[in-house]
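Working notes, beginning with the structure itself.
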Amino acid sequence: MLATITLTTAYMTTDGSTMLSLPTALSALSAFETRGAWLVGGAVRDALAGDEHSSRDWDIVATDGERWARQAADALSLPLVKISSNHDVWRIVLADGQIDIWPLPDRDIEHDLSRRDFSVNAMAVPLDQLHNPFRVGEQINEIAANLIDPFGGRRDLAARRLRLVSDSAFRDDPIRMLRAVRLEAEGGWRPDGNVRAAMRRDATLIGRSAAERQWDELQRILLSVRLPWALRRLQQSRLLDNIFPELAACRGVDQRPVHRRDVYWHQLDALRWLAQLDGQLDVELEGQRGAQRPLRAVRSATLNRELQPLLKSREVAARLREWRLPLRLATLLHDIGKPGTRQTDAGGATRFFGHSELGAELAEQRLRQLRLPSRLIDQITLLITHHLRPGQVHSPGSTPTDRALHRFHLALGDAATPLCWLFLVDSLATVGADVLLPRWPDYVRHVARIVAWQPRQPRAASHLLNGREIMAATGIAPGPLVGQLRDRIDEAAAVGDVTDTQEARDLACRLVMRLTSTPSTEHQSTEHQNGSTYT
């Protein structure tokens, strides 16, 4: 019979409900009847490897899985969700992890382990053999003494090696291929030759996995400290091509003379550079810095040194952390519109007019299929749409005007800083670090000026005149012209051309005379829309 448990540690969600933290829930569950239940998978693996804080997903198999799961959820006062239409797998969702409960009807734990993915995940320990079943990190000796390990997972664990339990493991569940990449990216587990060969053989099957499961693994890979390694594994196995066919279409698309590599490799290079540069944000990763070095250390140190003054801004650092996931995915996909817009001029040079807009459309379609949150998709497509813009706010050799910078920040908002980082890594991937290094300080100063710019008139007070006041001052009727005038007045206030309401009224009257005496046209920006003037 399960014990009644009183819980004191919980997180409050946005809707006012509470969610338990993983340590609290596991500690509470230690009072349960544990006979006929085993702890399996990642929790056992990470405990034996000394990585007990790595795994936030716990797998339990029980002879009466559904009953065990329902009583556990009731005792924790948490909902229980069935997560598989084909199997009786139950999940208790926690604030910082989850507990999955699997049935074991025949009490044959070794048969259950034979259906798992990697040998290091095919180990189990009976819960009733542990002094405190859910504090495994403190009981490595007890785990080792009672370990069920029919496939040699302990040996592979010592070598930090991923080895398949069976040759059909990926065909049985293709998401395991992405899991292999994620384990390598997050924990340094290295796939052996058979795993790598099976990934190449079965990569086309990844589409059989639910889109949500693909995204769960992908986002963890994208945020990992070993992203460059993971990116190489995704590329070599062709998993990347099968998940993002729009990216695969960029293979072999030449873009000389400006770019040194084709469109496909350019985007991968840009993401590698981004992982290198934004890795400087995390002081807590200092001990893992070696995992961030796919590029020559001296060259990278030079690039990072120039960025340090900018990164000392708390606002800049916070914005880059906030946008890390959309920025990394936008960087990977920022030029996928190029194959559909490629043109060659008489001199043999390539042009890609409109590729930013087409790329954003293609990215949105693909990301919706992967079931990404709408807000995240909006962030990614905003970055792709405007990824050329930081190089277009002024002509080469000149200083960006307040007016151009106002329009930039008005269009980008919170995305201004991450977009500038995309511009930097795009530039590095375009010509290569060796070519760009002499000009790198100029690029960083250019970005610093964009990021640091502030309107002369604080944005909160930028509407010196509202629509009604504009109509009263000018005598015009309601219509689109009122909005155009307000935008012009806001811009003039931002750059310091007007400072009070009377000057704003005078400007409105002058603008009405000018706009009504000539054919109505929108103000034409001096920014070039189809090619970077900065690189």
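The values are calculated or read from the model by the stated rules, or taken from the named source; none is laboratory data. Since the model is a prediction, treat every value here as computed from it, not as a measurement. Calculation scope for accessible area: heavy atoms of the full protein, side chains included, ligands and nucleic acids excluded. Shrake-Rupley method; radii C 1.70, N 1.55, O 1.52, S 1.80 Å.
Just the accessible area per residue of segment 301-343, please: how many Å² with a 1.4 Å probe? Intermediate values should be presented prior to the final figure.
On the way: 1840 Å² over 43 residues.
For segment 301-343, the per-residue accessible area is 43 Å².
Rolling a 1.4 Å sphere over the protein heavy atoms, what is the accessible area per residue of segment 80-227, to the nearest Å²?
44
Give the shape of segment 230-275 as rounded, prolate or oblate, defined through the alpha-carbon gyration tensor: a ≥ b ≥ c are the square roots of its eigenvalues, a/c under 1.5 means rounded, and otherwise the shape is prolate if a/b is larger than b/c and oblate if not. Write down the numbers at each step before the final one.
Working: a/c = 2.55, a/b = 1.36, b/c = 1.88.
Oblate, since a/c reaches 1.5 and b/c is not below a/b.
Is the C-alpha gyration tensor of segment 123-277 telling us rounded, prolate or oblate? Criteria: a/c under 1.5 is rounded; beyond that, a/b larger than b/c is prolate, otherwise oblate. Before the final figure, lay out each step's value.
On the way: a/c = 2.72, a/b = 2.11, b/c = 1.29.
Cα axes put segment 123-277 in the prolate bin.
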